[in-house]
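> Submitted below is the structure of interest, expressed as structure tokens.
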Amino acid sequence: MAQSRTDDGLSGRAARAGGMTRRDFIRVSGAGLAGAALLGSGTLAGCGGGGGEGGSGSITFAWGPEETGTLQKMIDKFNRENKDGITVKYREMPADTGQYFDQLRTQFQAGGGGIDVVGGDVIWPAQFAAQGYYLDLSDRFSEDSRAEFLAAPMEANTFEDKPYGVPWYTDSGMLYYRKDLLEKSGFDEPPKTWNEMKEMAKKVRQDSGTKFGFVFQGSDYEGGVCNGLEYIWTHGGNVLDPEDPSKVIVDSPESVAGLTTQRSTVTDGTAPQAVSNYTEQESQTTFLRGDAVFMRNWPYIYGLAANEEESEVRQEQIGVSALPVGKEGDQTFSALGGWNFSINANSENPDAAWAFIQFMVDPEQQKTLALKTARIPTRKSMLEDKEILDAVPVIALGKEAISRTRPRPVSPYYSDMSLKLADQFNASLKGETQPQQAVNTLDRELKEIVEQGESQS
Ligand code: GLC
């Protein structure tokens, strides 16, 4: 996906986000969610705080399309029930997170575009906070309330020690497989390594006539970054040093091995050529139509398979597991995704915006979202909820996957890195550049971004 750039070749995000200290520049949570204690009570009561109570009037909530209609129902419920006379309007934004980001940024630059509450990607808070577009929630979102949410999404919503967002749901990349077809071909377990996955895909396709072996998100956009990072991580490589995130360490045999595996899925015919243009949407359509044995995607796809209009493949036919690894002994990892609620710093009605956010993250709403759309709740207590874990296996797996989830860099400059990563991962997947060369180019480009950030600090 093309993202806008200024004349000096930088994306508008980098051009404006000057003056950061080195510490602010890149802050990566090396621990990921590993340390998140999945305990805790989770009541809404603690959320309230300063800024007055409730507010009233009409506010606008921005977020991407929601296929199941659950979000609109929640908004209707809020509008029906609320006692303070607040009405929420849902403004549908692009499904592609990069396009949504660009649109939002343009509106923020023009004074806010009438949006009050932003349903924003987990990678945005540091960038929008640095630019003064997101409201500091310190006096509303108490430390006790923050502790009720999972550590990694909470960290991603924190910039210079202040909260700029309330985690809504969390995401983790997963391997979907056709349990029914694997069983018919004599496989009783999902694959552990990428090579095993390819061999299984071949056999299952021969036996069942399924069109494709594997689909994922290979397009030149943010989802492609998540996928490319996962290939690198599951082969033991990394992009930035978790101990010192200003150090670029992408140039390693492990990274090259990761991108080589990714490219080989196309050259050996496991994945269709077109996968280099696939986003979540195309992958999900292909898989839910019954045209792929395996798919890499986020948990909500499982929710779509509950609905006959959305899916020809039923939930009972689908298995979900951790992403495969390069070779036995390698550790599996997936990208930390997810979405949060933030308030536009220029909102004329932050109290009403906050009241709506409190409603959306209360345990009842998080539970509804989990049960109806298979999105992983961010409240620790919800991940102990037996009803959710029993009804939505993908959330039970997600809970387990939380310790293997790695964040993308939490940085005001992340979007510049992301553009470079997206371009090179996509070029390598298409065979336009060799994996080693993609890695060399990234090594140079990412170092330039880091140096530029440091020289401005
Ligand atoms: C999912 C993730 C989000 C990520 C996006 C990439 O929506 O939750 O964090 O950036 O996919 O396409």
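> Can you spot a residue in segment 235-251 that is open to solvent by less than 20 Å² (accessible area, probe 1.4 Å) and free of Cβ contacts under 8 Å to residues at least 24 places away in the same chain?
Yes, some residue in segment 235-251 is open to solvent by less than 20 Å² (accessible area, probe 1.4 Å) and free of Cβ contacts under 8 Å to residues at least 24 places away in the same chain.
> Show the residue pairs that are 6+ apart or on different chains and have beta-carbon atoms under 9 Å apart, the first residue being within segment 83-102 and under 11 Å from residue 62 (Cβ atoms) and within 16 Å of the ligand (Cβ to nearest atom), the second being open to solvent by 70 Å² or more (accessible area, probe 1.4 Å) and in a helix (DSSP H, G or I).
93/99; 93/103; 94/103
> Scan segment 428-457 for residues that are assigned to a loop (DSSP other than H, G, I, E, B), open to solvent by 60 Å² or more (accessible area, probe 1.4 Å) and closer than 21 Å to residue 263 by Cα and report the count. Give the steps one after another, and end with the answer.
Filtering segment 428-457 for residues assigned to a loop (DSSP other than H, G, I, E, B) gives 431-434, 456-457.
Of the ones still in play, those that are also open to solvent by 60 Å² or more (accessible area, probe 1.4 Å) are 432, 434, 456-457.
From what's left, closer than 21 Å to residue 263 by Cα: 432, 434.
Looking only at that region, the number is 2.
> Would you call residue 280 crowded, with 17+ Cβ neighbours inside 10 Å, within 16 Å of the ligand (Cβ to nearest atom) and either among the charged types (D, E, K, R) or over 18 Å from residue 445 (Cα atoms) (or both)? Show your work before the answer.
Details: crowded, with 17+ Cβ neighbours inside 10 Å: yes; within 16 Å of the ligand (Cβ to nearest atom): yes; either among the charged types (D, E, K, R) or over 18 Å from residue 445 (Cα atoms) (or both): yes.
In short, yes.
> Inside segment 265-277, can you point out the residues that are away from the ligand (no atom under 16 Å from the Cβ) and in contact (Cβ under 8 Å) with a residue 12 or more places away in the chain? If you could, list the steps in order and put the result at the bottom.
Start the filter on segment 265-277 by keeping residues that are away from the ligand (no atom under 16 Å from the Cβ), which leaves 265-274.
Scanning segment 265-277 gives 265, 266, 267, 268, 269, 270, 271, 272.
> Can you name the residue in segment 326-345 that is open to solvent by 10 Å² or more (accessible area, probe 1.4 Å) and more than 16 Å from the ligand (Cβ to nearest atom) and is also nearest to residue 132 (Cα to Cα) among such residues?
The extreme case among them is 345.
The values are calculated or read from the model by the stated rules, or taken from the named source; none is laboratory data. Just so it is clear, the structure is predicted and the values come from calculations on it, not from any experiment. Every residue, glycine among them, receives a Cβ derived from its backbone with ideal geometry; neighbour counts consider all protein chains shown. Accessible surface is based on the protein model in full, side chains and every heavy atom, while ligands, DNA and RNA are left aside. Shrake-Rupley method; radii C 1.70, N 1.55, O 1.52, S 1.80 Å.
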